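Engineer: Okay, here's the structure, questions in a sec.
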Amino acid sequence: MILLARTTPADQVAKRSNGLSIFLVDVKDAMAGGMSVRPIPNMVNHETNELFFEDLEIPADALIGEEGKGFRYILDGLNAERTLIAAECIGDGYWFVDRARAYAGERIVFGRPIGQNQGVQFPIAESYIEVRAADLMRFRAASLFDAHQPCGAEANMAKYLAAKASWEAANACMQTFGGFGFASEYDIERKFRETRLYQVAPISTNLILSYTAEHVLGMPRSF
């Protein structure tokens, strides 16, 4: 695993983000030398753990890059992660749209498919439009990252738009399926729970809004 740790005391650096370093740590060795792992049962199909450290020692050659510059490296990696999560949300969004569209065309009520009603088709169409728009921002962030250009704003906005579009598509899909959306056999309820995660992780929508307000729009820092 990659471990971010403070290597210079906080009272000896000019900025709180300075004095942090990252290390490549062998998990098995760490578990035998002071790190413990406690799984966190959760509502989605995602392995999550708490890590505890007690006098863990790691060799100096585990250092990645330069000492004290770890936070900068982590931020660069987070841009890639947010773009990747955006892509995952976009895939979820398309999945929800496809399932809702297909079901709306197959489900017959009062002698006509429910997808013929604007009250059913409009939320699905709106979800598709929003997913497509998020898809474009995802590719914009990816192209900047691949070109080694600053992409913090684009990566954050891509993740925000994709997570929002996926969640709205999930709601439209659940509404289209009605009671059957809660039945395990259709997988809607499972994906519904899973895509909700991305409103809060790996970065919450509030932090993205705060980042955009401060670093893109030049507004005062809110925290």
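The values are calculated or read from the model by the stated rules, or taken from the named source; none is laboratory data. Keep in mind it's a predicted model, so treat the numbers as computed, not measured. Using ideal geometry, Cβ is built from the backbone for each residue, glycine included, and neighbour counts are taken over all protein chains shown. These accessible areas exclude ligands, DNA and RNA; they are computed on the full protein's heavy atoms, side chains included. Shrake-Rupley method; radii C 1.70, N 1.55, O 1.52, S 1.80 Å.
Engineer: Between residues in segment 124-148 that are surrounded by fewer than 16 Cβ atoms within 10 Å (Cβ to Cβ) and residues that are part of a helix (DSSP H, G or I), which pairs lie under 7 Å by C-beta distance while being six or more apart or on different chains?
Structural biologist: A133/L161
Engineer: Could you check P202 against (1) outside any helix (DSSP H, G or I); (2) open to solvent by 70 Å² or more (accessible area, probe 1.4 Å); (3) touching a residue at least 24 places away in the same chain (Cβ under 8 Å) and say which number it fails?
Structural biologist: (2)
Engineer: Would you mention how many residues in segment 79-91 are open to solvent by less than 50 Å² (accessible area, probe 1.4 Å) and more than 20 Å from K191 (Cβ to Cβ)? Quick ask: steps written out before the conclusion?
Structural biologist: Quick first cut of segment 79-91, residues open to solvent by less than 50 Å² (accessible area, probe 1.4 Å) only: 79-80, 82-83, 85-87, 89-91.
The next check asks that each one be more than 20 Å from K191 (Cβ to Cβ); those that pass are 79-80, 82-83.
The number of residues fulfilling the criteria is 4.
Engineer: Is it the case that segment 60-68 has a residue that's among the aliphatic types (A, V, I, L, M), over 27 Å from F145 (Cβ atoms), part of a loop (DSSP other than H, G, I, E, B) and at pLDDT below 95?
Structural biologist: There is no residue in segment 60-68 that is among the aliphatic types (A, V, I, L, M), over 27 Å from F145 (Cβ atoms), part of a loop (DSSP other than H, G, I, E, B) and at pLDDT below 95.
Engineer: Let me ask something else about it. Exactly one condition in (1) under 30 Å from F182 (Cα atoms); (2) modelled with pLDDT under 95 is false for I74; which is it?
Structural biologist: Failed condition: (1).
Engineer: Does Y94 satisfy being in a helix (DSSP H, G or I), aromatic (F, W, Y), out of contact with any strand residue (DSSP E or B) (no Cβ under 7 Å at 6 or more places or on another chain) and buried (at least 17 other Cβ atoms within 10 Å of the Cβ)?
Structural biologist: So Y94 fits the description; yes.
Engineer: Oh, and also: Any residue in segment 102-123 that is under 14 Å from C89 (Cα atoms) and either within 22 Å of the chain's Cα centre (by Cα) or not hydrophobic (A, V, I, L, M, F, W, C) (or both)?
Structural biologist: No, segment 102-123 contains no residue that is under 14 Å from C89 (Cα atoms) and either within 22 Å of the chain's Cα centre (by Cα) or not hydrophobic (A, V, I, L, M, F, W, C) (or both).
Engineer: It is to be established whether one or more residues within segment 174-187 are open to solvent by 30 Å² or more (accessible area, probe 1.4 Å) and under 20 Å from the mean Cα position of the chain (by Cα).
Structural biologist: no
Engineer: So, in segment 1-28, of the ones that are among the hydroxyl-bearing types (S, T, Y) and touching a helix residue (DSSP H, G or I) at 6+ places or on another chain (Cβ under 7 Å), which residue ends up most open to solvent (accessible area, probe 1.4 Å)?
Structural biologist: Step one: of segment 1-28, the residues among the hydroxyl-bearing types (S, T, Y) are 7-8, 17, 21.
Subset that is touching a helix residue (DSSP H, G or I) at 6+ places or on another chain (Cβ under 7 Å): 17, 21.
Values: S17: 33, S21: 0 Å².
My answer is S17.
Residue-wise test of (1) assigned to a loop (DSSP other than H, G, I, E, B); (2) touching a residue at least 40 places away in the same chain (Cβ under 8 Å); (3) closer than 22 Å to F122 by Cβ.
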| position | (1), (2), (3) |
| --- | --- |
| A172 | no, yes, yes |
| T195 | no, yes, yes |
| L207 | no, no, no |
| M219 | yes, no, no |
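Engineer: Could you count how many residues in segment 29-64 are within 13 Å of L3 (Cα to Cα), within 30 Å of the chain's Cα centre (by Cα) and loosely packed, with under 12 Cβ neighbours inside 10 Å?
Structural biologist: So the count comes out to 1.
Engineer: A follow-up question, please. Regarding D76, is this residue without any contact (Cβ under 8 Å) to a residue 60 or more places away in the chain, open to solvent by 60 Å² or more (accessible area, probe 1.4 Å) and under 28 Å from V131 (Cα atoms)?
Structural biologist: Answer is yes for this residue.
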